[in-house]
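Participant: One structure, pasted below without further comment.
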Amino acid sequence: MERRYRVEPRVVFTELKDGTGLLLHLGTKLYFSLNRTGTFVWKLLTEAPRTRNEVAHAICEHYDASPEQVTKDLDALFEELISEKLVIPEGT
């Protein structure tokens, strides 16, 4: 079974007028900016914990994007969000 990911509850999200977003972790005081796709991913994760495959599928449908490129970019985004403690793998 694939692991699900959820947002860290101490992170505040603000969407900007241009579709990008800003995250502020209230515990670490870390600011993190998201491009439009990152903002789309963040919104998905705030709705419910999701697997990487679920998020990748939603991105491919929404942006009509290549699965190979989406997977590569999503892996990099998840790695950074997890390392900065903005997203939490469930069960850890």
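Participant: Does LEU16 satisfy the criteria of being among the aliphatic types (A, V, I, L, M) and either in contact with a helix residue (DSSP H, G or I) (Cβ under 8 Å, 6 or more places away or on another chain) or surrounded by 13 or more Cβ atoms within 10 Å (Cβ to Cβ) (or both)? Steps first, please.
Facilitator: Details: among the aliphatic types (A, V, I, L, M): yes; either in contact with a helix residue (DSSP H, G or I) (Cβ under 8 Å, 6 or more places away or on another chain) or surrounded by 13 or more Cβ atoms within 10 Å (Cβ to Cβ) (or both): no.
No; evaluated as a whole, the condition is false for this residue.
Participant: Checking LEU26 against (1) at pLDDT 95 or above; (2) within 14 Å of the chain's Cα centre (by Cα): exactly one of these is not met. Which one?
Facilitator: Tallying (1) at pLDDT 95 or above; (2) within 14 Å of the chain's Cα centre (by Cα), LEU26 fails exactly one: (2).
Participant: Could you give every pair whose Cβ atoms fall below 8 Å, whose first residue belongs to region 70-85 and is free of Cβ contacts under 8 Å to residues at least 60 places away in the same chain and closer than 20 Å to PRO9 by Cβ, and whose second residue is surrounded by 13 or more Cβ atoms within 10 Å (Cβ to Cβ) and of a type in the set (Asp, Glu), counting only separations of at least 6 or pairs across chains?
Facilitator: Taking only residues 6 or more apart or on different chains, not a single pair turns up.
Participant: Out of GLU54, GLU68, report the one residue that is surrounded by fewer than 14 Cβ atoms within 10 Å (Cβ to Cβ), over 11 Å from the mean Cα position of the chain (by Cα) and among the charged types (D, E, K, R). Show your work before the answer.
Facilitator: Details: GLU54 fails: surrounded by fewer than 14 Cβ atoms within 10 Å (Cβ to Cβ).
The conditions single out GLU68.
Participant: If you don't mind, another one. Which one is surrounded by the fewest Cβ atoms within 10 Å (Cβ to Cβ), of the residues in region 76-92 that are of a type in the set (Asp, Glu) and more than 14 Å from GLU2 (Cα to Cα)? Spell out how you get there, then give the answer.
Facilitator: So in region 76-92, the residues of a type in the set (Asp, Glu) come out as 79-80, 84, 90.
Next, only the ones that are more than 14 Å from GLU2 (Cα to Cα) stay: 79-80, 84.
Details: GLU79: 11, GLU80: 13, GLU84: 15.
Going through the qualifying residues, I end up with GLU79.
The values are calculated or read from the model by the stated rules, or taken from the named source; none is laboratory data. This is a predicted model, so every value here is computed, not measured. Reconstructed Cβ throughout: ideal geometry from the backbone, glycine too, with neighbour counts over all protein chains shown.
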